[in-house]
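Trainee: One structure, as structure tokens, below. Some questions next.
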Amino acid sequence: MQLTLLALILALLTVIGFLIGRSRAASSVGGRVAELHSVPSYHGVYVALWAGLPALLLFVAWTASEGWLAMQLVLSSLPDRLTTGDGQSVALLKADILNLAHGIATGREADPLVTEAARRYSALRDLADWSLLAFGASLAVAGLAWGRHRIGPDLRARPAVERVVRVALVVCSLVAILTTVGIVLSLLFEALRFFTVVSPLDFLFGTHWSPQMAMRADQVGSSGSFGAIPLFAGTLLITVIAMLVAVPVGLMAAIYMSEYAGRGVRTWLKPALEILAGIPTVVYGFFAALTMAPFVRSVGEALGLDVSSESALAAGIVMGVMIIPFVSSLSDDVINAVPQSLRDGSYGLGATKSETIRQVVLPAALPGIVAAVMLAVSRAIGETMIVTMASGLTANLTANPLQAVTTVTTQIATLLVGDQEFDSPKTLSAFGLGLVLFLVTLCLNMVALRVVRTYREKYD
């Protein structure tokens, strides 16, 4: 409630600051805005930033540290017998305090001291929220007044605003980069925990995948088997099938749209193809499981072939259809970027349209087309839902596209569900698979960038 109220106050003061700054800038020169260093809108933004930015930074810092500070104050008031245990007992104590403070039952009778600590924690959080509201609103009003005081004909409002915008852009970039680094490090640390239990050689080169771990030591299959070769082979098989569908169709569609289709046809054909990219993958999964898989099986049986009800071929075909827009749209943009002067020169030498496309346009656009295919491969490797619904969960080591296989991403999804302990080899194996998948897609993207930079043509 207090935080919502503060956000509304900040939004209101920011709007008011913009209007005040703009009008004061115009009035400071008697309406002759040409005498201002910056246009009045920059002065409005300048005051708005003073009104909202300091209070927003306070809000972020306070929100990030408020819970930790309140918890430390609460823990310091508890007797040592509750707070001097190992890390797990202290973490459990914090969880009990947080659950009781939010009205969530802990499933056991709580210690009266813990119950009192939860009440104190709630009271401290309420006090902190009200304090934040008071300080934040006061800071916003003070910032608005200071910004308004600074408005004048000589104020360099535009450089100041642009400096703030530049800093905001840098911060946004750092957030994205640091988030990626955090994801990679968390994946790496959990994968290293898995490889302390299972040998990397057995994982990378083993041919039997059965991660089921028994709950009792005497249960069959208690050790599990983590040979990931069947998963890598299934991923490769379905990706190859998908690429055999997506690359020819997508590339031909791109050539038609860029070289043969009229402006009117291209106007509706390209968005129609790109609609395929916006369809949820679960819809493709339904289509693969209910339509394509039975169709493939009926055709195979008519030809006397042994076809599984869930096959790599059905999943690969539907995945290829899903990826067609990636190839066609990116390739179309790349082909259209080839200068018209190259085409005109080819026509001037007597080449036909098809000869110009084969010998001039496609070679010039080849780096971009290769990059589009690489991105499509990365998309196919990371797809999960279609494989889960149409190809099954069986880890078969086979090259037969008519048999059921599974992929790395599908196994990751299945390993992280259920009631298995998080530190069990079965659960940790998902991070090992994720690390391999990350390295493969990273290598593909690096190859794509290398191809583009090496063979990119620069035109004046």
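Trainee: Looking at the stretch 286-338 only, could you name the residues that are closer than 21 Å to residue 252 by Cβ and of a type in the set (Ser, Thr, Tyr)?
Mentor: Hits for the stretch 286-338 are 328, 329, 331.
Trainee: Same structure again: Being open to solvent by 60 Å² or more (accessible area, probe 1.4 Å) and either part of a loop (DSSP other than H, G, I, E, B) or under 14 Å from residue 97 (Cβ atoms) (or both) is the filter here; which residues of the stretch 53-68 pass it?
Mentor: Residue satisfying the conditions is 68 alone.
Trainee: Further, regarding this structure: When the residues of the stretch 281-291 are narrowed to those that are among the hydrophobic types (A, V, I, L, M, F, W, C) and under 18 Å from residue 394 (Cβ atoms), which ends up least open to solvent (accessible area, probe 1.4 Å)?
Mentor: To start, the set of residues in the stretch 281-291 that are among the hydrophobic types (A, V, I, L, M, F, W, C) comprises 282-283, 286-290.
Keeping just the survivors that are under 18 Å from residue 394 (Cβ atoms) gives 288-289.
Values: 288: 0, 289: 33 Å².
Among them, the one singled out is 288.
Trainee: Could you check how many residues of the stretch 150-168 are assigned to a helix (DSSP H, G or I) and either under 19 Å from residue 34 (Cβ atoms) or open to solvent by less than 30 Å² (accessible area, probe 1.4 Å) (or both)?
Mentor: 5
Trainee: Let me ask something else. Could you check residue 84 against (1) open to solvent by 70 Å² or more (accessible area, probe 1.4 Å); (2) in contact with a Lys or Arg (Cβ under 9 Å, 6 or more places away or on another chain); (3) among the hydroxyl-bearing types (Ser, Thr, Tyr) and say which number it fails?
Mentor: (2)
Trainee: Kindly indicate whether residue 377 is free of Cβ contacts under 8 Å to residues at least 24 places away in the same chain and closer than 30 Å to residue 194 by Cα.
Mentor: It is false that residue 377 is free of Cβ contacts under 8 Å to residues at least 24 places away in the same chain and closer than 30 Å to residue 194 by Cα.
Trainee: Next question. Within the stretch 172-191, does at least one residue satisfy the condition of being at pLDDT 85 or above, out of contact with any Ser or Thr (no Cβ under 6 Å at 6 or more places or on another chain), surrounded by fewer than 18 Cβ atoms within 10 Å (Cβ to Cβ) and farther than 30 Å from residue 428 by Cα?
Mentor: yes
Trainee: Could you grab me the full set of residues in the stretch 93-139 that are open to solvent by 30 Å² or more (accessible area, probe 1.4 Å) and either among the aromatic types (Phe, Trp, Tyr) or in a loop (DSSP other than H, G, I, E, B) (or both)?
Mentor: Of everything in the stretch 93-139, those that are open to solvent by 30 Å² or more (accessible area, probe 1.4 Å) and either among the aromatic types (Phe, Trp, Tyr) or in a loop (DSSP other than H, G, I, E, B) (or both) turn out to be 102, 103, 104, 105, 106, 107, 108, 109, 110, 111, 130, 135.
Trainee: Another one. Collect the residues in the stretch 399-444 that are open to solvent by less than 40 Å² (accessible area, probe 1.4 Å), polar (S, T, N, Q) and not in a helix (DSSP H, G or I), keeping them in residue-number order.
Mentor: 406, 407, 424
Every residue, every condition in (1) outside any helix (DSSP H, G or I); (2) under 20 Å from residue 244 (Cβ atoms); (3) not acidic (Asp, Glu), yes or no:
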{"site": "296", "(1), (2), (3)": "no, yes, yes"}
{"site": "309", "(1), (2), (3)": "yes, no, yes"}
{"site": "318", "(1), (2), (3)": "no, yes, yes"}
{"site": "331", "(1), (2), (3)": "no, yes, yes"}
{"site": "335", "(1), (2), (3)": "no, no, yes"}
{"site": "350", "(1), (2), (3)": "yes, no, yes"}
{"site": "360", "(1), (2), (3)": "no, no, yes"}
{"site": "367", "(1), (2), (3)": "no, no, yes"}
{"site": "378", "(1), (2), (3)": "no, yes, yes"}
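Trainee: Here's a follow-up. If the requirement is being open to solvent by 10 Å² or more (accessible area, probe 1.4 Å), hydrophobic (A, V, I, L, M, F, W, C) and closer than 18 Å to residue 378 by Cα, which of these qualifies: 231, 330, 303, 313?
Mentor: Values: 231 fails: open to solvent by 10 Å² or more (accessible area, probe 1.4 Å); 303 fails: closer than 18 Å to residue 378 by Cα; 313 fails: closer than 18 Å to residue 378 by Cα.
Answer to the check: 330.
The values are calculated or read from the model by the stated rules, or taken from the named source; none is laboratory data. Being a predicted model, the structure only gives us computed values, none of them experimental. Cβ: placed from backbone, ideal geometry, glycine included. Neighbour counts: every protein chain shown. Each accessible area value is taken on the protein alone, full model and side chains, heavy atoms only, with ligands, DNA and RNA left out. Shrake-Rupley method; radii C 1.70, N 1.55, O 1.52, S 1.80 Å.
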